[in-house]
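I have placed the structure first, in the form of structure tokens, so that the comments after it can refer back to it.
Nothing in this text is a laboratory measurement; each read-out follows from the coordinates by a stated rule. All values reported here derive from a predicted model rather than from experimental measurement. Neighbour counts are summed over all protein chains in view; Cβ atoms, including those assigned to glycine, are modelled from backbone coordinates with ideal geometry.
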Amino acid sequence: QLIASKYPKTMRSEWELINMYHVKLQQIAQSQAILDDYKNLTGLSRGHMSPSCHHPNASRPATFTLTNIVPQNAQLNMGAWQNYEEKTMVNESQGCTTTYVVVGAVPGNNYIAKGRVNIPSHIWLSACCEVGPNQRKTWAVIAQNNQNVVQTLSLGDLEGMLTQLYGRGQVSL
């Protein structure tokens, strides 16, 4: 848990932490988003950074923790981004023996929950997979978080875009 090392290292819900471990909601809120932060969203939904559909059934609940969630444009989340998660990613990873994925969000200028949670300006994903001995393929996508469009691009092009968007030096994935 992000709260303190004395709590279980396994995923626990707010309810479990409060009722089983007697953690105060304010303690949780000091180090991470809480469910109340995502109430009454207008035009936004809880977007998974690592989508549940990319995990085996036993590990899917962990993808619903708020440390894996960003405020995502609702149309994008249920539209082009979902299409990427469910179709494009599946197609791109065909023939892969092992796939490695790095996801991220570029901080935006707006917030929800009275400034507690940043609304990203962009959401991105890069992937690399092994398709044979010493053979790999890569792909990447990025989406502006105010449009229902996912742009597919090369890993190098994504690195260049992220270098500009983050403005903190060269991004290398």
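Couple of notes before you dig in:
- Computed FRET value (nearest 0.05) for M11 with R168, which takes r as the C-beta separation and R₀ as 35 Å: 0.70
- Cα pair distances in the range 46-173, grouped into 5 Å bins until the bin that holds the longest one, percent each: 2, 10, 19, 22, 21, 15, 7, 2, 1, 0, 0
- Hits among aspartates and glutamates - C-alpha to C-alpha of K114 under 19 Å, sequence gap 8 or more where chains match: D36, D37
- Between 0 and 90°, nearest 10: helix 155-166 axis offset from the chain longest Cα axis: 40 degrees
- Between T98, T63, T152, the Gaussian network model of the chain with springs among Cα atoms under 10 angstrom shows the greatest mean-square fluctuation at T98.
- Within straight-line cross-link reach of K137, aspartates and glutamates at Cα separation under 14 Å, skipping those fewer than 8 residues along the same chain: E92
- Computed E for V103/N57 - FRET, C-beta separation, R0 25 angstrom, nearest 0.05: 0.75
- Computed over neighbours whose Cβ is under 13 Å from that of T63, the net charge equals +1, Lys and Arg +1, Asp and Glu -1.
- Applying a 4.7 Å Cβ-Cβ cutoff to the chain, the cysteines left without a disulfide-compatible partner are C53, C128.
- Between N148 and M20, the contour length at 0.36 nm per residue exceeds the Cα-Cα span by 42.0 nm.
- Taken about its Cα centre, the chain carries a charge dipole of roughly 440 debye when the Cβ of each Lys and Arg holds +1 and the Cβ of each Asp and Glu holds -1.
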